[in-house]
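Chemist: Please find one structure pasted underneath; my questions will follow.
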Amino acid sequence: MVIKSTMEQPWFQPLVWMDYRLAVLFTVILPLILLIWSLTQNADSIQRLMMIYWRVSSLLAITVYLMIGAVPLSFISAFAARFLIPISLWFWVDLNEDLDDRPQSPLKLVFTSWRWAISIYMAVGTLIQIPFLGCAFSNQSALLNNASCRVWLDPPWGFKQILHPNGDASLLGFWGLVGLVIYVVCFAYFVLIRLGKQGRSATGQ
């Protein structure tokens, strides 16, 4: 579905590409390093928090596939992901206490720096996404013909060319929708059932 266009590109197009590059760094590369590092150091609280992070941030991957398929709903999932990730990193009382009590170490310093950095990055990104939420309420044709909305689809289309060069964009978008349904069901189960039982304790104790 990567359609060449002669429409004038918005002035903020370079900022959109920069945002995606920062997202790769802050949401993929650094968290993966921290997860592996915490496993080698047997840092249980950091391990738990990183696993929670990966579950919540999977909505970002789902969003990429929705945008590949030019699904308007992707703008809502992008906003929700940026909103939920900082909450998932600071919500748990027991993990916060364990981290505070953990002796100073390079791992703790890097993790704390990343947690603050990604929280700020996501908070700013959430505010930036607000003006584009209207893109979610247009049909696909209108979305593709709106330069301000469509510019957000260009990086996911670039991602498709790298990992799914022969893949059908509509089919990838469909699998994004399947992933979104599963994510919403799991999130609803957590909010409606598990949260009431365990509260803000990640271990349920």
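The values are calculated or read from the model by the stated rules, or taken from the named source; none is laboratory data. This is a predicted model, so every value here is computed, not measured. Cβ atoms come from the backbone with ideal geometry, glycine included; neighbour counts cover every protein chain shown. Calculation scope for accessible area: heavy atoms of the full protein, side chains included, ligands and nucleic acids excluded. Shrake-Rupley method; radii C 1.70, N 1.55, O 1.52, S 1.80 Å.
Chemist: Looking at ILE120 and the list (1) touching a helix residue (DSSP H, G or I) at 6+ places or on another chain (Cβ under 9 Å); (2) over 19 Å from LEU25 (Cβ atoms); (3) surrounded by fewer than 13 Cβ atoms within 10 Å (Cβ to Cβ), which single condition is not satisfied?
Modeler: In the conditions (1) touching a helix residue (DSSP H, G or I) at 6+ places or on another chain (Cβ under 9 Å); (2) over 19 Å from LEU25 (Cβ atoms); (3) surrounded by fewer than 13 Cβ atoms within 10 Å (Cβ to Cβ), ILE120 misses (2) alone.
Chemist: Also, I was wondering about something else. How many residues does the stretch 96-121 contain that are farther than 13 Å from TYR53 by Cα and assigned to a helix (DSSP H, G or I)?
Modeler: Residues flagged as farther than 13 Å from TYR53 by Cα and assigned to a helix (DSSP H, G or I) within the stretch 96-121 amount to 17.
Chemist: Could you please give the count of residues in the stretch 7-24 that are hydrophobic (A, V, I, L, M, F, W, C) and open to solvent by 70 Å² or more (accessible area, probe 1.4 Å)?
Modeler: Final tally of qualifying residues: 5.
Chemist: Which of the residues spanning the stretch 34-63 are among the β-branched types (Val, Ile, Thr) and either surrounded by 14 or more Cβ atoms within 10 Å (Cβ to Cβ) or in contact (Cβ under 8 Å) with a residue 40 or more places away in the chain (or both)?
Modeler: Within the stretch 34-63, ILE46, ILE52, VAL56, ILE62, THR63 meet the criteria.
Chemist: Hey, among SER77, SER58, which residue is closer than 13 Å to GLN129 by Cβ, modelled with pLDDT of 95 or more and not basic (Lys, Arg)?
Modeler: Answer to the selection: SER77.
Chemist: So which pairs qualify, if the first residue must be in the stretch 125-147 and over 19 Å from GLY173 (Cα atoms), the second must be open to solvent by 80 Å² or more (accessible area, probe 1.4 Å) and not polar (S, T, N, Q), the Cβ gap must be under 7 Å, and the two must be at least 6 apart or on different chains?
Modeler: THR126/PHE83; ALA147/GLU8
Chemist: Which of the residues that make up the stretch 171-205 are open to solvent by 40 Å² or more (accessible area, probe 1.4 Å) and not in a helix (DSSP H, G or I)?
Modeler: Within the stretch 171-205, ARG200, THR203, GLY204, GLN205 qualify.
Chemist: Output the residue which, of all residues in the stretch 6-60 that are out of contact with any helix residue (DSSP H, G or I) (no Cβ under 7 Å at 6 or more places or on another chain) and among the β-branched types (Val, Ile, Thr), is farthest from TYR121 (Cα to Cα).
Modeler: Restricting to residues being out of contact with any helix residue (DSSP H, G or I) (no Cβ under 7 Å at 6 or more places or on another chain) and among the β-branched types (Val, Ile, Thr), the top hit is THR6.
Chemist: So which residues in the stretch 73-132 are in contact with a Cys (Cβ under 9 Å, 6 or more places away or on another chain) and among the hydroxyl-bearing types (Ser, Thr, Tyr)?
Modeler: Within the stretch 73-132, just SER74 meets the criteria.
Chemist: If a residue has to be part of a helix (DSSP H, G or I) and either open to solvent by less than 60 Å² (accessible area, probe 1.4 Å) or over 22 Å from LEU66 (Cα atoms) (or both) to count, how many in the stretch 125-147 make the cut? It would help to see each step written out before you state the result.
Modeler: Of all residues in the stretch 125-147, those part of a helix (DSSP H, G or I) come to 125-137, 140-144, 147.
From what's left, either open to solvent by less than 60 Å² (accessible area, probe 1.4 Å) or over 22 Å from LEU66 (Cα atoms) (or both): 125-126, 129, 132-136, 142-144, 147.
Final tally of qualifying residues: 12.
Chemist: Taking the conditions exactly as written (modelled with pLDDT under 90 and touching a helix residue (DSSP H, G or I) at 6+ places or on another chain (Cβ under 9 Å)), does ALA202 satisfy them or not? Give the steps one after another, and end with the answer.
Modeler: Numbers: modelled with pLDDT under 90: yes; touching a helix residue (DSSP H, G or I) at 6+ places or on another chain (Cβ under 9 Å): yes.
In short, yes.
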